[in-house]
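Some notes on the structure that comes next.
Every number in this text was worked out from the coordinates using simple rules, so none of it is lab data. If you're wondering where the values come from, they're calculated on a predicted model, not measured in any experiment. Because the Cβ atoms are built from the backbone with ideal geometry, glycine has one as well, and the counts that use them run over all protein chains shown.
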Amino acid sequence: MTARARVRAPELVGKGGWLNTGENQLTLADLRGRIVIVDFWTFCCVNCLHVLDELRELEEKHRDTVVIVGVHSPKFVHEAEHQAVVDAVERYEVHHPVLDDPELTTWKQYAVRAWPTLVVIDPEGYIVAQHAGEGHAHALETLVTELEAEHAGKGTLRRGAGPYVAPEPVATDLRFPGKAVVLPGGGFLVSDSTRHALVELAPDGETVVRRFGDGERGMMDGGPDEARFSEPQGLALLADGSVVVADTVNHALRRVDLADGKVTTIAGTGRQWWQGSPTSGRALEVALSSPWDVAWFAGRVWIAMAGVHQLWTYDPETGTVGVAAGTTNEGLVDGPAAEAWFAQPSGLAAAGERLWIADSESSAVRYVERASDATGGFVVRTAVGTGLFDFGHRDGAAEQALLQHPLGVTALPDGSVAISDTYNNALRRFDPATGEVTTLATDLREPSDAVLVGGDVVVVESARHRLTRLRLPEEAVRVESAAHRTQRPATEVAAGPFRLEVVFTAPAGQKRDERYGPSTRLLVSSTPPDLLAEGAGKGTDLGRDLVLNPEIAEGVLHVSAMAASCDDDPENEYPACHVHQQDWGVPVLLTAGGTGRLALVLAGMDE
C-alpha cells in the first residue's frame, strides 16, 4: 500500500437523481459512519455486470456496516435516458442506491477513466481505495474487514439498516425477456431473464403454457419446478428437440428437454473464466464467461462469449468446448478467426454458410464464414460498424450506416439480416446484396431479439416485457440520421514521446504472482491506428513509452491491462490467487500544452 495525504470524497451529484431510496436524496453526510463503496458503472458494460454480481455476497455479509452506491455513468446516448436507467436497475436486480449521473458530473469529480471503477470511502468520509475493472471482491472483503475493526475501535463506525428502499414489484408474465426461439408446435420459448426462468408461450405469443425454473437466482438441475437459472439469455433449438440455454450469470450452458422439462448443465463450471484458465477441454471442466447467445452452425453450438469478447463452440457429440474466434482483446478487428477482435458479442444467427453476429459494444454487425484458402478455418468480417466509440441511427450504405448497441440478429428469407438495434429502440435491416442498411420499425423498447413466424417477425421487446408481432414491410422506413460518439472529457496530450503507466499495487495481504513468469500484461492500440506512431502492441511491463503522431488531432487510446496476485502467506502451501483486469478507452486531444504522461489505476490503496 502507498501512503498518501487523506483525501475527502467529493459529493455524489447527478442530474437524474436517486433510485432505490424511496425518493430520498442522499448525501455523503447521510452515510457518515458507514463504509461506502461507490461503483461507477453503465448498463451496457458486461464487466460492470460482472462487478454487480461480485458485490452481492459482500453486500449481504456486511449489510449493517457497508453501503454500496452505484453511480450510473453512461457511455451510449440511450443510457443517459432516465427511464432506461430505471429499467436497468430492475433488470439486473441492483439492490442498493443508484445515482443517475447522465452528465458524468460525479465521474469527473472522482477522476474516473473506465467502467467499472470502484472507490472505497471510510466512515469518516475519506477515500481509502480505488480499483478499476473486475476481480477485486477479495481485496474489498479484506479492506472492509480492516475498516470495520479500525473504526469500531475509534468509535466512528455506525451500524444499522442502510438507505436502500426496494421498489414495488410489478406483475407481468415476462420481466425483461432476453431471447426467444420458435418451437416445433408454433409456440415460443422465451428467456425470462430478470425472473431467472424460461417461459413457454402459445402461438399467440401471450398465453403462458409452462415455466422452467422456480424463479429464484441459482444453479440447480432438475425438473421444471426445481431447476434454477441466473439471468438466462440465448436459446438454440437442436435437432433432437432439446434447447440449449446460455445461462449468462451462471457462466454455463444448460439443456432443456422439452418432453419432460428436465434441465441439465452441459457446459461450464459455474465460475467465471479468467485469463490463464483453460480455453478448451471437457465442457463441464472448463469455465465460461457470460455466454449471451447460442446458435447451431457448422456442426456445433456456437457461443457468443460476451464476457471475454470471443466466440466459443460446444460439441454435443464429444462434450467439449473451445475457443473458435477472438483473442479476448476488445475492439473491432477482422481477419482469421484466431486473430479477430470482438466487443461483447451478444447475438448470433446462422444463415447458410455464414454466422451473423451482433457485436454490441462496437455497435456492429459482423459475420463468420469459411476461409477461401485450403486451411478449412474461419474468417471474421464486418458488415456494419466502425468501432467502439462510433454509434447512432443512420441508414444508407453499410460503410456509413450507424447502429447503437445491437443485441440481436435474425436471418431473413431473402438472405438479408434483421438487426435488433437495442439502444435505438428500432428494428433495422442489412441487405448484403445491396450493401444498404434500412429501418424496419421504430418506437420499440430495447428490442433484444427477433424470430420469424411466416411473413411476420416477432420482436422481443425487452423493456416492454412482451413479444411484439410485426409485418415485414416491402420497403424500409427511412428515419432522420443521428451520429454520436462517446461523450467523455478528452485528455489533452502532447504529440511526440509519451509515457503510459498503469498503476497496480497488490492488495493488502497479497503479492504479485510471479510463479510462472511475469504477473502483468499490457496491450496498447489506438483509434485511428495512425495515432500511435510507436508503442502499439503487447508486452508484460505496465509502463510503456509511446510516440503520438502530430498529424492526428484527436483519437482514442485503447489500453488493456492484467495483473495477477496471490495471498502473501509463506505458511500457506496453496495460496488463493486473483486476477485483476481492465480495458480503458481514453479519448485524447493533441494540443501544444498537453501532458506527456498518462497514469491509469488498475488497483491501488491508501493508508
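When only alpha carbons are used to place a centre, region 394-436 and region 78-129 end up 32 Å from one another. Our helix-only sum for the chain, with -39,500 (n - 2.57) per DSSP H run of n ≥ 4 divided by its residues, gives a mean residue ellipticity at 222 nm of -2500 deg cm²/dmol. Secondary structure note: in the chain, about 85% of the DSSP beta bridges are antiparallel. Across all directions, the average flat footprint of the convex hull enclosing the Cα atoms of region 39-182 is 10.2 nm². Amide H contacts for residue 449 (H built 1.01 Å from N in the peptide plane; partners 5 or more residues away or on another chain; cut-off under 5 Å): 460. Computed from phi, the 3J(HN,Hα) profile of region 540-551 under the Karplus parametrisation 6.51, -1.76, 1.60 (θ = phi - 60°) reads 9, 7, 8, x, 8, 8, 10, 10, 8, 6, x, 7 Hz, with x in place of Gly and Pro.
The packing ranking, built from the mean of other Cβ atoms within 10 Å per residue, places the peptides 316-328, 282-294 in the order 282-294, 316-328, highest first.
Between amide H atoms placed 1.01 Å from N, distances below 5 Å from residue 252 occur with 247, all of them 5 or more places distant or on a separate chain.
Going by average Cβ density within 10 Å per residue, which order do the peptides 145-156, 432-443, 93-104 take, highest to lowest?
Numbers: 145-156: 13.8, 432-443: 16.5, 93-104: 21.4.
Descending packing order for the listed peptides: 93-104, 432-443, 145-156.
The listed peptides 452-464, 187-199, 585-597, ordered by packing as a protection proxy, come out as 187-199, 452-464, 585-597 (highest mean of other Cβ atoms within 10 Å first). Given Cα pairs under 8 Å that are at least 6 residues apart, what percent is the relative contact order of region 1-169? Relative contact order comes out at 36 percent.
Given the choices (i) 28.0; (ii) 50.9; (iii) 30.0, mean projected area of the Cα convex hull in nm² derived from the coordinates of this structure is entry (i). Using the Cβ-Cβ distance between residue 282 and residue 576 with R0 set to 30 Å, the FRET efficiency works out to roughly 0.80. Karplus-derived 3J(HN,Hα) values for region 168-177, using 6.51 cos²θ - 1.76 cosθ + 1.60 with θ = phi - 60°, are 5, x, 10, 8, 9, 5, 10, 9, 6, x Hz; glycine and proline are entered as x. Measuring nothing but how far apart in sequence close Cα pairs (under 8 Å, 6+ apart) lie, relative to its length, region 395-545 scores a relative contact order of 14 percent. Amide H contacts under 5 Å for residue 465: 176, restricted to partners 5 or more places along the chain or on a different chain, H placed in the peptide plane at 1.01 Å from N. Across the chain, the mean sequence separation of Cα contacts (distance under 8 Å, 6 or more residues apart), normalised by length, yields a relative contact order of 10 percent.
The Cα atoms of region 381-474 give a gyration tensor whose axes a ≥ b ≥ c have a/c of 1.5 or more with a/b no greater than b/c, which makes the shape oblate. Per-residue 3J(HN,Hα) values for region 386-394, derived from phi via the Karplus relation 6.51 cos²θ - 1.76 cosθ + 1.60 with θ = phi - 60°, read 10, x, 5, 10, 10, 7, x, 10, 9 Hz in sequence order (x marks Gly and Pro). Among the cysteines of the chain, those with no neighbouring cysteine Cβ under 4.7 Å are 44.
Scanning the chain for DSSP H helices at least 18 Å long along the axis (C-alpha atoms) with a Kyte-Doolittle mean no lower than -1.0 picks out 46-61, 137-154.
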